[in-house]
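Student: Below you'll find the structure I mean.
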Number of protein chains: 2
Amino acid sequence: MGQNPMTVNQAIAKLKEKGYKNTDKRRDLLEVFADEKRYLSAKDVQEALKNKYPGLSFDTIYRNLSVFAEHGLLEETEWEGEKKFRFTCSAGHHHHHIICLTCGVTRSVDACPMDSVSTNMEGFEITGHKFEIYGYCTSCKKA
Amino acid sequence: MGQNPMTVNQAIAKLKEKGYKNTDKRRDLLEVFADEKRYLSAKDVQEALKNKYPGLSFDTIYRNLSVFAEHGLLEETEWEGEKKFRFTCSAGHHHHHIICLTCGVTRSVDACPMDSVSTNMEGFEITGHKFEIYGYCTSCKKA
DNA sequence: TTAGTTTTAGTAATGAGTACGATTTAAGCT
DNA sequence: AGCTTAAATCGTACTCATTACTAAAACTAA
């Protein structure tokens, strides 16, 4: 495990700054995302860690995923009634994704439609936006 | 009730074509959406009809909302873990929305980012996309 | 009106996500 | 290293949205 030890270490360090402790489970949770680089649901994460931590509780998974997302370590979205998370691509760089609905794998879309929206937003206090393209990747298309 | 009888009648007619029957509850469900022109959750709909149909079951609501959405009478989306529906704006015209997260009211965005996406989608079979801008409308901002 | 189908009420089941007390663990201090 | 305390975890129970099921009622078309 751990094709990207540096990035996980950076993430752990960032958490430490904020006062979060470095636990084995947290590290392993982050490594699942660092290794996969795909959108994963809580259940996917449980599945990925079931050998190492057979009784890993949902409380632990959900709480940590929220903490990670809150501090920018993971990107969060939801589709088909489930929250999904993925390792943050490159720190600070705003972007969007093409997402495979089956496996969660993504491809980056650098352009942001907000840059060219001409609609009048007067009166609205804008707090965020979502632009995602959905489909099936080469591998999942075949199956 | 029924500020938009024409549109509701058209919707009912469309359903009839497909073999669905014209029932009072279906009509009233559609009228809630025609009157509101906002994104509403199943619970919002139940609330809106609780006087006329105190015991309206969720089965009825969800089943009909799905039927409506499936045949293009309603637009469907989800945020904050809930499915939301709104009366389809203008038949056939592709567009997006600015959405108030509190009351579901919308403003149209005519431009579609898909028209100018330059990312290579080779390998991906694209099935759909989502572009939504979130915020708070004038009324909800105050409160 | 009658036959046949659709719809509905009422309720139960499912599944994602959240909450909480008791126990365990990490990290800082002496 | 041992002590302290604040955080993390487990195990479980709960909430909430959504879906599923069955008997009964309502509707359409002939």
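Here, each number is a calculation from the coordinates, and none is a lab measurement. Source: prediction; values computed, not measured. Every residue, glycine among them, receives a Cβ derived from its backbone with ideal geometry; neighbour counts consider all protein chains shown.
Student: Give me a single rounded figure for B:132-141: the average over its residues of other chain Cβ atoms within 10 Å of their Cβ. Numbers along the way, then the final one.
Tutor: Working: counts 5, 12, 7, 8, 5, 3, 4, 1, 2, 3.
Neighbouring Cβ atoms belonging to other protein chains average 5 per residue here.
Student: Give the value in nm², to one decimal: projected area of the alpha carbon convex hull of the stretch B:5-87, averaged over all directions. Let's see the in-between values first.
Tutor: Numbers: hull surface 20.3 nm².
The Cα convex hull of the stretch B:5-87, projected and averaged over all directions, gives 5.1 nm².
Student: Out of all DSSP beta bridges with both ends in chain B, state the antiparallel percent to the nearest 5. Let's see the in-between values first.
Tutor: Numbers: 12 of 16 bridges.
Antiparallel bridges make up about 75 percent of those DSSP assigns within chain B.
Student: Distance cut-off 29 Å, Cα to Cα: go down the list A:Lys52/A:Lys84; A:Lys141/B:Lys14; B:Lys43/B:Lys142 and report the pairs above it. Please report the intermediate quantities before stating the final value.
Tutor: Working: A:Lys52/A:Lys84 22 Å; A:Lys141/B:Lys14 34 Å; B:Lys43/B:Lys142 24 Å.
Checking Cα-Cα distances, A:Lys141/B:Lys14 exceed 29 Å.
Student: Further, regarding this structure: Share of antiparallel DSSP beta bridges in the stretch B:96-142, in percent to the nearest 5?
Tutor: On the way: 4 of 8 bridges.
Of the beta bridges lying entirely in the stretch B:96-142, close to 50 percent run antiparallel.
Student: Here is a follow-up. Report, for A:Glu82, each distance to the same residue's label point in the other copies, shortest first and in nm; define the point 7 Å along Cα→Cβ.
Tutor: 2.3
Student: Hey, which residue of A has the C-beta nearest the axis mapping A onto B, and what's the distance in Å?
Tutor: In chain A, the Cβ lying nearest the symmetry axis toward B is A:Pro113, 2.
Student: Can you compute the FRET efficiency between A:Lys14 and A:Ser66 using 1/(1 + (r/R0)^6), with r the Cβ-Cβ distance and R0 = 22 Å? Round to the nearest 0.05. Show your work: numbers first, answer last.
Tutor: Details: r = 15 Å, r/R0 = 0.70.
My answer for the efficiency is 0.90.
Student: What is the percent of Cα-Cα separations in the stretch B:96-142 that go past 18 Å? Display every interim value, and only then the final one.
Tutor: Details: 485 of 1081 pairs.
I get 45 percent for the Cα pairs in the stretch B:96-142 exceeding 18 Å.
Student: Using helices alone, what [θ] at 222 nm do you get for the protein assembly as shown, with -39,500 (n - 2.57) per DSSP H run of 4 or more residues, divided over all residues and rounded to the nearest 500?
Tutor: On the way: 10 runs with 104 residues, N = 286.
When only DSSP H runs of four or more count, the value is -11000 deg cm²/dmol.
Student: Continuing with this model, one more query. Run the numbers on chain B and let me know its relative contact order in percent, using alpha-carbon pairs under 8 Å that are six or more apart. Please report the intermediate quantities before stating the final value.
Tutor: Numbers: 150 pairs, mean separation 27.9, N = 143.
Relative contact order here is 20 percent.
Student: Normalized C-alpha radius of gyration of chain A, against 2.2 N^0.38 Å?
Tutor: On the way: Rg = 16.6 Å, N = 143, 2.2 N^0.38 = 14.5 Å.
Taking the Cα Rg and dividing by 2.2 N^0.38 Å, one obtains 1.15.
Student: Taking only the alpha-carbon positions of the protein assembly as shown and ignoring solvent, what does the Debye formula give for the base-10 log of I(q)/I(0) at q = 0.10, 0.13, 0.15 Å⁻¹?
Tutor: Values, matching the q order: -0.67, -1.04, -1.23.
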